[in-house]
1. Pairs needed: first member in the stretch 283-300, under 26 Å from E172 (Cα atoms); second member anywhere, part of a strand (DSSP E or B) and open to solvent by 60 Å² or more (accessible area, probe 1.4 Å); C-beta distance under 6 Å; at least 6 residues apart or different chains.
2. When the residues of the stretch 134-143 are filtered to those that are open to solvent by less than 10 Å² (accessible area, probe 1.4 Å) and out of contact with any Leu (no Cβ under 6 Å at 6 or more places or on another chain), which remaining residue is nearest to the ligand (Cβ to nearest atom)?
3. For the stretch 156-179, does any single residue satisfy the condition of being free of Cβ contacts under 8 Å to residues at least 60 places away in the same chain, assigned to a helix (DSSP H, G or I) and under 23 Å from V103 (Cα atoms)?
4. I'd like to check something: does the stretch 162-171 contain any residue that is among the small types (G, A, S) and out of contact with any strand residue (DSSP E or B) (no Cβ under 7 Å at 6 or more places or on another chain)?
5. Could you check the stretch 317-350 and list, in sequence order, the residues that are open to solvent by less than 30 Å² (accessible area, probe 1.4 Å) and more than 23 Å from the chain's Cα centre (by Cα)?
6. Taking into account only those residues within the stretch 180-203 that are outside any helix (DSSP H, G or I), hydrophobic (A, V, I, L, M, F, W, C) and closer than 16 Å to G83 by Cβ, which is least open to solvent (accessible area, probe 1.4 Å)?
7. Under 8 Å by Cβ, and 6 or more places apart or on different chains, what pairs join a residue from the stretch 91-114 that is open to solvent by 30 Å² or more (accessible area, probe 1.4 Å) with one that is part of a helix (DSSP H, G or I) and more than 15 Å from the ligand (Cβ to nearest atom)?
8. How about the stretch 89-134: which of its residues are among the polar types (S, T, N, Q) and under 19 Å from L324 (Cβ atoms)?
Amino acid sequence: MPGEGVGVGLVGLGTIGVGVAKVLERNAGVIRERLGFPLRLVRVADLDLERDRGIDLSGVRFDRDTEGLLDDPDVQIVVELIGGYDAARRVTLGAIERGKHVVTANKALLALHGGEIFEAAARAGVDVAFEASVGGGIPILRSLREGLSANQIETIHGIMNGTTNYVLTEMERTGEPFEVVLKRAQELGYAEADPSFDVDGIDAAHKLTLLVAMAFGAELTFKDIPTEGIRALEPLDFEAAERLGLVCKLLGIAKAHDDGRIEVRVHPTLIPATSLLAHVEGAMNAIAVHGNAVGPTLFYGAGAGELPTASAVVADLMEIARELQRGTAGPVPPLAYVPQSLRPKPLVPLGELVGRAYLRFTALDRPGVLSHIAGALGDCGVGIESVLQQGRGGAVESVPVVILTHPAPESAIRGALAEIDSLADVTAPTLFVRIEDEL
Ligand code: HSE
């Protein structure tokens, strides 16, 4: 016999799952006062029943039986917190097939299988809520979907991965190399044992996929998003950036162009040290959204972690619980646009982007090298704004040379780099970091 209020079933009792149980328990009073009825954790499924997670699950059925949880009539909303693709997809679609609403924090799942999941949910007349999937506790999705819904969104610039922001901040602060800082991030629990999703930009690209769909009504295009990570950055790049008044961040960037195309990309980006995003340090996230009516907005907060992420999960649970009590389906489409308005949007090729570039060459310390490099840039129409020589490089006879270009099309810069990297005097591939001046 269902009890009073709305029953929640949780699949996956890891860090965020524990956070959800804690928030539901600790904040039960305020949740009840805001809803007018209780939100009850009735059932939890996880493969590990032994580990002490420091929470009291008395009164909650806790076992390995995910199918039983999905079938349980006391469970009206299913929270999927398994992560990954296959099992999470099975649980999500299984819940939808049974007419149950789903809350998830799984950006990887939605970025890759979102089309299938949202279609199934629309057919079944249930909600799939995913506030926790982008920016952890920051209510960025609800803000885009509702608070900014009167705007044409013009640009998004987001620091959406806490692990990389921690690594970049520490490299800048300590002058230590990437591997040393990454190891410390792993010891502190910021970075996963396999950090590639974070440091190669994939996690940020998953999140940007969802933001782009909501901002522009673009069908999900994860596989098409140009994505670069932070592994190639060296301590001397941070020194040079500081001298140039720039700070390096892994940004997810999306812009609407007047011709209907959109620009979407994830890569290390040099931004003015005076910009607000440059001051976002450590594992924090921040997403700047520019709307044509509202102008600039900035959303800042913890992008990960037990309680911040649980804050977003439970907010989704409360919204769905209200709908269940009122007997109305969710009033706002999950991707902010009614499904028939979502369409593929052509992407602007990287070659068409125009901006200043930071180029770090590694060349033999011989007379004439700089003129070869400058000549190749000039031949491709790329002007030089400044040149820095940054001490000695790894190889005894090679030196790093940093050149800041004037704004130029990326195709021209790439053309010059192809030529420069084939010069006999250039001993390693050139590092190219885009500079984003308009923030
Ligand atoms: N691994 C992510 C980050 C958190 O470092 O921001 C989960 O999205």
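The values are calculated or read from the model by the stated rules, or taken from the named source; none is laboratory data. Here the structure is a predicted model, which is why all the values come from computation and not from measurement. Using ideal geometry, Cβ is built from the backbone for each residue, glycine included, and neighbour counts are taken over all protein chains shown. Just so you know, the surface numbers come from the protein's heavy atoms only, side chains and all, with ligands and any DNA or RNA stripped out. Shrake-Rupley method; radii C 1.70, N 1.55, O 1.52, S 1.80 Å.
1. Filtered contacts from the stretch 283-300: A286/Y300; A288/L298.
2. Applying the filter and picking the extreme gives G136.
3. The answer is no; no qualifying residue exists.
4. So far as the stretch 162-171 goes, no, none of its residues is among the small types (G, A, S) and out of contact with any strand residue (DSSP E or B) (no Cβ under 7 Å at 6 or more places or on another chain).
5. M318, I320, A321, E323, G330
6. This residue is A191.
7. From residues that are open to solvent by 30 Å² or more (accessible area, probe 1.4 Å), the pairs are E97/A120; E97/A124; R98/L70; R98/D71; G99/A124; H113/R89.
8. T92, T104
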